[in-house]
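Colleague: Mind having a look at this structure? Questions to follow.
None of the figures in this text is laboratory data; all of them are computed from the coordinates on show. Keep in mind that what you see is a predicted model, and the values were worked out from it rather than measured. We place every Cβ from the backbone using ideal geometry, glycine too, and count neighbours over all the protein chains shown.
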Amino acid sequence: MELVNPGIGLIIWTAITFIIVLLLLRKFAWNPIMEGLRQREDFIDESIRAAENAKAEMANLRAENERLLDEARAERERIIREANVAAKNLIEEAKGEAQKQAQRQLDEARIAINTEKQAALADVKRQVAQLSLEIAEKLLRRELSNESAQKALVQDYVSNLNVQ
């Protein structure tokens, strides 16, 4: 029962031992433990500041990325507008050139048609003249085949002449 009811000496020696252990712990363990806790607290504070800085930097980078994306979109739109304008100008220029070329070819075709028409008319006139000569020659040969018909024709021409 001595353990349940300890003696006064045991309590004093236990208290002295506890105080000695407490002083030893304070001298050798408490300061290193407290220093470790302070270092840990400083490390956590530094990590929190670094995380906040990283968060702020990420926000800045995100804003910068958005700004760059907006600039890129605006540049893309400008390039597309310029390309559309250039394409329209090119199409208009090509249409104008095509119309000029078509008009030039049409004029050349008209000139060629007129030239061919004039040549055809000259050829028809030549052929008509040739046929007329051939018909006149055949008629004269038939009519002038006998000598009395020739004399009558000459007399007719002479009488139709107006000699003044």
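Colleague: Which pairs turn up if I take residues in the range 89-105 that are in contact (Cβ under 8 Å) with a residue 12 or more places away in the chain and look for partners that are of a type in the set (D, E, K, R) with beta carbon separation below 7 Å, at least 6 apart in sequence or on another chain?
Modeller: Listed pairs, sorted by first residue: none to list.
Colleague: Before we move on, is SER148 loosely packed, with under 10 Cβ neighbours inside 10 Å and without any contact (Cβ under 8 Å) to a residue 60 or more places away in the chain? Don't jump to the end; show me each part of the working.
Modeller: On the way: loosely packed, with under 10 Cβ neighbours inside 10 Å: yes; without any contact (Cβ under 8 Å) to a residue 60 or more places away in the chain: yes.
So SER148 passes the test.
Colleague: Can I ask one more? Looking at the range 134-143, can you tell me whether even one residue there is part of a helix (DSSP H, G or I), in contact with a helix residue (DSSP H, G or I) (Cβ under 7 Å, 6 or more places away or on another chain) and not basic (Lys, Arg)?
Modeller: yes
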